[in-house]
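The values are calculated or read from the model by the stated rules, or taken from the named source; none is laboratory data. Fair warning: this is a prediction, and the values are worked out from it, not measured in the lab. A quick note on method: Cβ atoms are made from the backbone with ideal geometry, for glycine too, and the neighbour counts reach across all protein chains shown.
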Amino acid sequence: MSSASQVPSSHSSEAEALTQKIQELGEWFHNLNLHGVHTAPNHFLGDFPNIKWHRISQRIPLDLSGASVLDIGCNAGFYSIEMKRRGADRVLGIDVDDRYLNQARFAAATLDLDIEFRKGSVYQLENVAGSFDYVIFMGVLYHLRYPLMALDTVVKKVAGKLIFQTMLRGSRESQAWAKDYSFWQEEMFSNPRFPAMYFIEQKYSGDPTNWWIPNCAAAEAMLRSAGLEILSHPEEETWICEPRRVCRYGQYILDLELAGELTPEEGA
Ligand SMILES: C[S@@+](CC[C@H](N)C(=O)[O-])C[C@H]1O[C@@H](n2cnc3c(N)ncnc32)[C@H](O)[C@@H]1O
């Protein structure tokens with residue numbers, strides 16, 4: 001992560017003013033290109049998140065006319081901006097961090113894009129009305145103390161597709177596993193491909209908000225367990241999914257679980 005430093009060759013006063021404003025808005029996590037001025041040109045992950053979008057974007061229609069988009073944990077709005085550029089009708093980005101929301105609002109205004117950015121948490125999506133054709137839930141899961149609760153909450157907002165991304169650690173391979181095991185079977189727990197989450201008690205990468213980091217199998221298992229079907233895996237850490245069995249007996253998994261009424265699916 002770094003602050004803006006790249007100034008277009010023209011050195012116009014507009015570019016200088018833009019650079020100044022970008023710096024005033026604090027450190028950026030998204031490297032946006034604002035009329036030739038980059039917001040995080042020295043990002044530790046490279047041209048982030050362009051490097052991810054390059055592959056993900058190929059699985060998303062070029063024309064999103066009429067579509068609604070909810071970007072949860074939108075940060076400075078990179079994905080919101082790209083979805084709006086594809087013609088999405090309504091784009092709403094939410095984040096808990098005012099610094100990022102201010103960056104996102106500034107970026108959208110600078111690019112003359114009509115995107116709404118609102119303060120809000122993934123745990124409080126009941127404050128967001130309706131459901132959306134595309135829900136983007138990228139880079140947030142591992143920052144949460146209650147990841148599966150968040151995923152079960154997000155699912156309630158997905159009318160069309162979920163674009164999900166998480167940091168992964170451990171094995172990047174997954175395989176089919178048995179549906180049940182005897183109490184005395186333990187060997188699968190030492191198999192690195194068995195679904196597992198790494199709990200970070202203190203910090204990871206200097207960040208105390210990194211709580212639970214799944215391996216690849218756990219990320220996929222959680223998506224399935226939340227009632228989603230995985231349609232594609234366009235990029236190592238990203239999956240595109242559709243809701244399939246998010247309700248049981250007419251109620252969402254989250255509501256059943258919170259009421260203590262979640263029972264195993266027949267035939268599952
Ligand atoms: C690693 S960044 C990912 C940003 C962006 N979605 C992406 O993939 O590039 C994590 C973002 O999640 C936000 N965030 C953290 N906890 C959140 C919560 N409970 N609800 C909504 N956003 C949250 C952070 O403020 C930050 O902007």
Problem - Residues that are farther than 20 Å from G36 by Cβ and either more than 14 Å from the ligand (Cβ to nearest atom) or of a type in the set (D, E, K, R) (or both), drawn from the stretch 72-104 - result: R86, G87, A88, D89, R90, D95, D97, D98, R99
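Residue by residue, here is whether (1) in contact (Cβ under 8 Å) with a residue 40 or more places away in the chain; (2) surrounded by fewer than 17 Cβ atoms within 10 Å (Cβ to Cβ); (3) at positive phi holds:
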residue: D95; (1), (2), (3): no, no, no
residue: D98; (1), (2), (3): no, yes, no
residue: F117; (1), (2), (3): yes, no, no
residue: L125; (1), (2), (3): yes, no, no
residue: F137; (1), (2), (3): yes, no, no
residue: Y146; (1), (2), (3): no, yes, no
residue: V155; (1), (2), (3): yes, no, no
residue: K161; (1), (2), (3): yes, no, no
Practice task
Would you confirm whether any residue within the stretch 83-92 is of a type in the set (D, E) and in a strand (DSSP E or B)?
Solution key: no
Practice task
Return a yes/no flag: does the stretch 218-241 have any residue that is more than 21 Å from the chain's Cα centre (by Cα) and not β-branched (V, I, T).
Solution key: no
Handout entry: Test result for D47, surrounded by 15 or more Cβ atoms within 10 Å (Cβ to Cβ), of a type in the set (D, E), modelled with pLDDT of 95 or more and in contact with a Cys (Cβ under 9 Å, 6 or more places away or on another chain)
Key = no
Exercise for the section: For K179, state whether it is in a strand (DSSP E or B) and among the basic types (K, R). Expected result: no
Exercise for the section: For E16, work out the one condition from (1) of a type in the set (D, E); (2) part of a strand (DSSP E or B); (3) at pLDDT below 95 it doesn't fulfil. Expected result: (2)
